[in-house]
Amino acid sequence: MSDCLFCKIVKGEIPSKKVYEDDVMLAFWDIAPQAPVHVLVVPKKHVCGVDGICADNAGDVKKIFEKIPKIAGDLGLINGYRVISNVGRDGCQSVRHLHFHILGGAQLSDKMC
Ligand code: AMP
């Protein structure tokens with residue numbers, strides 16, 4: 001997707017503070033952190049959101065979820081963390097490229113919204 005912000009970050013056309021990268025995913029610091037640790041994990045292949053997960057890309061999503069605990073551990077989130085994916089307009093998804101927020105580094109709110 002040529003006009004997708006996270007595709008441009010994946011391609012290195014827009015800089016990011018990289019946390020982890022392999023052939024399937026890129027993890028980088030959120031530009032506007034909402035917790036002391038706020039990292040985004042995105043698949044390298046464009047998927048619009050959780051609503052775009054299908055048999056063709058579910059393997060990449062599986063690999064991302066297998067890797068998130070390792071990324072969180074490397075970030076020092078020993079007391080826990082939150083993983084969020086906003087979906088669509090009502091979910092306040094601002095970037096239509098599937099991504100998972102990893103939030104932690106402090107006691108988070110017990111409210112979900
Ligand atoms: P969402 O609102 O769930 O779609 O999340 C998009 C996230 O991308 C927000 O938390 C933004 O702060 C973050 N973001 C937007 N532009 C950038 C960027 N250039 N580098 C890192 N994070 C970004």
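The values are calculated or read from the model by the stated rules, or taken from the named source; none is laboratory data. This is a predicted model, so every value here is computed, not measured. Here the Cβ is made from the backbone with ideal geometry for all residues, glycine too, and neighbour counts use every protein chain on show. Note: areas computed on protein heavy atoms with side chains; ligands, DNA, RNA excluded. Shrake-Rupley method; radii C 1.70, N 1.55, O 1.52, S 1.80 Å.
Residues of region 26-38 that are in contact with a Gly (Cβ under 9 Å, 6 or more places away or on another chain) and of a type in the set (A, V, I, L, M, F, W, C): 35, 37. Sub-6 Å Cβ pairs linking a first residue in region 82-108 that is under 14 Å from residue 34 (Cα atoms) and of a type in the set (Phe, Trp, Tyr) to a second residue that is more than 11 Å from the ligand (Cβ to nearest atom) and open to solvent by less than 20 Å² (accessible area, probe 1.4 Å), at least 6 apart or interchain, are 100/41, ordered by first then second residue.
The residue that is nearest to the chain's Cα centre (by Cα), among those in region 69-83 that are among the β-branched types (Val, Ile, Thr) and within 15 Å of residue 28 (Cα to Cα), is 83. Checking the stated criteria, residue 35 turns out to be surrounded by 12 or more Cβ atoms within 10 Å (Cβ to Cβ), at negative phi and touching a residue at least 60 places away in the same chain (Cβ under 8 Å).
Confirm whether residue 65 is surrounded by 19 or more Cβ atoms within 10 Å (Cβ to Cβ) and among the aromatic types (Phe, Trp, Tyr). If you could, list the steps in order and put the result at the bottom.
On the way: surrounded by 19 or more Cβ atoms within 10 Å (Cβ to Cβ): no; among the aromatic types (Phe, Trp, Tyr): yes.
When the stated conditions are applied, residue 65 does not pass them.
Looking only at region 73-108, residues that are over 20 Å from residue 44 (Cβ atoms), more than 16 Å from the ligand (Cβ to nearest atom), of a type outside the set (A, V, I, L, M, F, W, C) and open to solvent by 50 Å² or more (accessible area, probe 1.4 Å) come to 2 in all. Among the residues of region 6-32, the ones that are within 24 Å of residue 109 (Cα to Cα) and in contact (Cβ under 8 Å) with a residue 12 or more places away in the chain come to 4 in all.
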